[in-house]
Amino acid sequence: MFLVFYITTLLLNPPVFYNKSFVVFDSEDGFTFITNDSLYFTTDAVEFNARKHNFGIDVYRLEPVAKAERGPITFFVSSGGGVVHSYDNVLDTLVRIDNSYLFMSRFGESKVSRKDTIFSYGGYGEFNYSNKLISFRQDFREWNVEPIEEPLPRPTRKNIIQYDTLTNNIYVGFGDYSIFEEGVEKIESTYEINMFDSNNKVVKVGSFKSLISQTSDLTVPLTNYKRFNGYRLPLLYLNHGIWTVDLTNLKAIHHINADKNRLQSYTDILAYNGRTGRFLMAHNMLTNDPSYHVVNELDLLGRAYEEYSLADSKLPKWAYGLFGLSILVLIPLFRTKSFVVLNEAIQSHERRIQQRLSSEDFYILKRIVDAYPEYVEYPELQNSYEKDLSYESRIKKLRSSIKEIDEVVQEVIGRKRHTIFEIDKGREDKRVKVIRIKNDQLKKVDLFGRLRRTSK
């Protein structure tokens with residue numbers, strides 16, 4: 001699609017976009033801005049390629065929908081809900097796909113899409129907050145209220161949202177709502193984390209209250225942090241730091257070495273490209289002189305982090321009894337199985353590893369892990385990269401990927417200075433390198449899956 005840009009004008013200076021006069025999203029190896037009459041594409045926020053379009057659509061107040069998994073389609077929903085547009089990166093088309101109308105009742109709703117379906121929760125409008133989970137399916141072109149059993153959570157807006165592709169459960173939490181005291185409106189936060197499951201039930205599974213009690217020394221309360229749902233995990237960010245939140249595993253991850261200088265210089269995160277692992281950030285969005293910046297996720301987040309539990313600290317009495325009984329039953333199993341294969345250890349830490357790797361590197365790791373105990377040939381892994389890269393570039397890129405994967409996995413599973421890979425020559429063709437996960441064992445050191453290496 002972006003070959004079209006090469007025959008158009010290369011802008012030496014970033015164009016001026018006025019707030020709400022464009023939509024921006026990740027595409028290919030960069031980011032695309034769509035205004036009412038033009039498209040602008042950039043990989044670095046320094047040089048922009050531009051061309052006119054004839055979509056015939058007013059993009060004012062269109063909002064991109066976060067994706068649960070990568071794909072060529074990006075959905076946009078009107079601010080306040082209702083109207084839906086779809087951008088096809090392959091066909092280079094932006095079209096309206098709904099038979100609905102402007103709701104104007106779901107401002108601040110939280111949205112996520114998977115394949116051809118959009119899920120939306122909460123929002124505010126017409127003097128009311130919503131607690132409905134609604135869905136839009138592209139084939140039906142209509143919004144429908146999901147038949148969730150009562151009781152529903154408190155109506156809120158500005159929640160973080162996460163779709164679990166393994167279970168099809170949807171998690172929402174950490175929103176706000178308003179109350180009136182003596183005729184004055186006050187904004188209050190809700191700390192609950194609720195799960196909407198595939199059986200049309202909603203269950204409270206955790207809370208941010210325990211996290212806030214553990215982080216009472218924060219300069220700025222977490223409730224003041226901005227929310228970004230377009231990363232691998234939902235983000236809470238401010239110029240004081242960044243948190244990623246894994247609602248499915250009830251963990252909050254504090255990036256203790258996040259680049260606060262960048263967060264102070266560029267105060268808004270506009271988009272994230274999972275293919276390149278880069279953020280698009282902006283400054284002065286509400287002025288006539290905004291500026292933009294592209295940064296690698298590791299440079300922004302840093303490598304060091306701390307994890308905090310979001311699980312409820314209080315359990316019903318019967319839960320403690322059940323937990324004690326389960327421990328008695330499981331102790332013999334832990335005594336008899338004190339070792340775990342390295343490949344299984346990697347799989348058990350898959351989510352944490354995925355957070356640290358680019359999508360390309362994680363895909364390569366998955367190919368190797370899934371093939372275990374068999375080897376995978378280098379040429380097969382090289383085919384994961386862009387087709388227009390030369391053979392030498394693919395070889396160089398694969399070497400870099402394997403090095404990065406090795407370092408990240410070692411750090412996550414606590415196996416430093418011991419490579420996880422076994423690299424050999426192919427049996428049929430000695431000129432071809434092959435790779436697999438080492439057939440090593442790791443020793444369990446507690447009941448919760450923390451591992452350390454032991455000599456084999």
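The values are calculated or read from the model by the stated rules, or taken from the named source; none is laboratory data. If you're wondering where the values come from, they're calculated on a predicted model, not measured in any experiment. Backbone-built Cβ (ideal geometry, glycine too); neighbour counts: all protein chains shown.
Are any residues in region 116-160 touching a residue at least 40 places away in the same chain (Cβ under 8 Å), within 23 Å of residue 249 (Cα to Cα), basic (Lys, Arg) and assigned to a loop (DSSP other than H, G, I, E, B), and if so, which ones?
The answer is 158, and nothing else.
Looking for something surrounded by fewer than 21 Cβ atoms within 10 Å (Cβ to Cβ), in the same structural domain as residue 111 (by TED's automatic domain parsing) and not in a loop (DSSP other than H, G, I, E, B) - is there at least one such residue anywhere in region 213-221? Even if it seems obvious, please write down each step before you answer.
Step one: filter region 213-221 for residues surrounded by fewer than 21 Cβ atoms within 10 Å (Cβ to Cβ), giving 213-221.
Filter again for in the same structural domain as residue 111 (by TED's automatic domain parsing), leaving 213-221.
This time we only want the ones that are not in a loop (DSSP other than H, G, I, E, B), so: 213-214.
The answer is yes, given that some residue of region 213-221 is surrounded by fewer than 21 Cβ atoms within 10 Å (Cβ to Cβ), in the same structural domain as residue 111 (by TED's automatic domain parsing) and not in a loop (DSSP other than H, G, I, E, B).
Would you check which residues across region 37-91 are in contact (Cβ under 8 Å) with a residue 40 or more places away in the chain and either touching a helix residue (DSSP H, G or I) at 6+ places or on another chain (Cβ under 7 Å) or not assigned by TED's automatic domain parsing to the domain that holds residue 269 (or both) and list them?
Listed by number, the residues that qualify are 49, 51, 70.
Just checking, does region 238-258 include any residue being of a type outside the set (S, T, N, Q), closer than 30 Å to residue 71 by Cβ, loosely packed, with under 15 Cβ neighbours inside 10 Å and not assigned by TED's automatic domain parsing to the domain that holds residue 412?
Going through region 238-258, the residues of a type outside the set (S, T, N, Q) turn out to be 238, 240-243, 245-247, 250-256, 258.
The next check asks that each one be closer than 30 Å to residue 71 by Cβ; those that pass are 242-243, 245-247, 250-253, 255, 258.
Add one more test, that the residue is loosely packed, with under 15 Cβ neighbours inside 10 Å, and what stays is none.
So far as region 238-258 goes, no, none of its residues is of a type outside the set (S, T, N, Q), closer than 30 Å to residue 71 by Cβ, loosely packed, with under 15 Cβ neighbours inside 10 Å and not assigned by TED's automatic domain parsing to the domain that holds residue 412.
Could you tell me whether residue 231 is surrounded by 13 or more Cβ atoms within 10 Å (Cβ to Cβ) and in contact with a Lys or Arg (Cβ under 6 Å, 6 or more places away or on another chain)?
Values: surrounded by 13 or more Cβ atoms within 10 Å (Cβ to Cβ): yes; in contact with a Lys or Arg (Cβ under 6 Å, 6 or more places away or on another chain): no.
So residue 231 does not fit the description; no.
List pairs: first in region 280-305 and on the phi < 0 side of the Ramachandran plot and polar (S, T, N, Q), second assigned to a strand (DSSP E or B) and surrounded by fewer than 18 Cβ atoms within 10 Å (Cβ to Cβ), Cβ under 6 Å, 6+ apart or cross-chain?
What qualifies is 291/283.
Looking only at residues that are buried (at least 22 other Cβ atoms within 10 Å of the Cβ) and out of contact with any Lys or Arg (no Cβ under 9 Å at 6 or more places or on another chain) in region 98-132, which one is farthest from residue 158 (Cα to Cα)?
103
What residue, among those in region 106-115 that are modelled with pLDDT of 95 or more and not in a strand (DSSP E or B), is farthest from residue 188 (Cα to Cα)?
Residue satisfying both the conditions and the ranking: 109.
Can you name every residue in region 124-145 that is farther than 24 Å from residue 87 by Cα and either at pLDDT 95 or above or among the small types (Gly, Ala, Ser) (or both)? Show your work before the answer.
Narrowing region 124-145 to residues farther than 24 Å from residue 87 by Cα: 124-132, 145.
Within region 124-145, 124, 125, 129, 130, 131, 132, 145 qualify.
Given the conditions (1) closer than 15 Å to residue 441 by Cα; (2) surrounded by fewer than 19 Cβ atoms within 10 Å (Cβ to Cβ); (3) of a type in the set (D, E, K, R), which single one is not true for residue 415?
Only one criterion is unmet by residue 415, namely (2).
Quick check: anything in region 41-58 part of a strand (DSSP E or B), in contact with a Lys or Arg (Cβ under 7 Å, 6 or more places away or on another chain) and among the polar types (S, T, N, Q)?
No, there is no match, as no residue in region 41-58 is part of a strand (DSSP E or B), in contact with a Lys or Arg (Cβ under 7 Å, 6 or more places away or on another chain) and among the polar types (S, T, N, Q).
Checking residue 264 against (1) without any contact (Cβ under 8 Å) to a residue 40 or more places away in the chain; (2) at positive phi: exactly one of these is not met. Which one?
For residue 264, the exception is condition (2).
Kindly indicate which of 182, 192 is of a type outside the set (A, V, I, L, M) and more than 24 Å from residue 81 (Cβ to Cβ).
On the way: 192 fails: more than 24 Å from residue 81 (Cβ to Cβ).
Result of the check over 182, 192: 182.
Residue-by-condition table, conditions (1) touching a Phe, Trp or Tyr at 6+ places or on another chain (Cβ under 7 Å); (2) assigned to a loop (DSSP other than H, G, I, E, B); (3) at pLDDT below 80; (4) of a type in the set (A, V, I, L, M, F, W, C):
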{"residue": "419", "(1), (2), (3), (4)": "no, yes, no, no"}
{"residue": "423", "(1), (2), (3), (4)": "no, no, no, yes"}
{"residue": "428", "(1), (2), (3), (4)": "no, yes, yes, no"}
{"residue": "436", "(1), (2), (3), (4)": "yes, no, no, no"}
{"residue": "439", "(1), (2), (3), (4)": "no, yes, no, no"}
{"residue": "446", "(1), (2), (3), (4)": "no, yes, yes, no"}
{"residue": "449", "(1), (2), (3), (4)": "no, yes, yes, no"}
{"residue": "452", "(1), (2), (3), (4)": "no, no, yes, no"}
{"residue": "456", "(1), (2), (3), (4)": "no, yes, yes, no"}
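Kindly evaluate residue 364 against the criterion of being assigned by TED's automatic domain parsing to the domain that holds residue 406 and under 18 Å from residue 244 (Cβ atoms). Outline the logic, then answer.
On the way: assigned by TED's automatic domain parsing to the domain that holds residue 406: yes; under 18 Å from residue 244 (Cβ atoms): no.
In short, no.
Assess whether residue 199 counts as being buried (at least 18 other Cβ atoms within 10 Å of the Cβ), more than 19 Å from residue 310 (Cα to Cα) and not hydrophobic (A, V, I, L, M, F, W, C). Quick ask: steps written out before the conclusion?
On the way: buried (at least 18 other Cβ atoms within 10 Å of the Cβ): no; more than 19 Å from residue 310 (Cα to Cα): yes; not hydrophobic (A, V, I, L, M, F, W, C): yes.
No, not satisfied.
Could you list all residues from region 161-210 that are outside any strand (DSSP E or B) and of a type in the set (S, T, N, Q)? Can you show your working first?
Our first condition is that a residue be outside any strand (DSSP E or B); within region 161-210, this holds for 165-168, 174-175, 182-183, 190-191, 197-201, 208-210.
Across region 161-210, the qualifying residues are 165, 167, 168, 190, 198, 199, 200, 210.
Which one of the conditions (1) among the polar types (S, T, N, Q); (2) at pLDDT 95 or above; (3) surrounded by 18 or more Cβ atoms within 10 Å (Cβ to Cβ) does residue 210 fail to meet, given that it meets all the rest?
Against the list (1) among the polar types (S, T, N, Q); (2) at pLDDT 95 or above; (3) surrounded by 18 or more Cβ atoms within 10 Å (Cβ to Cβ), residue 210 comes up short only on (2).
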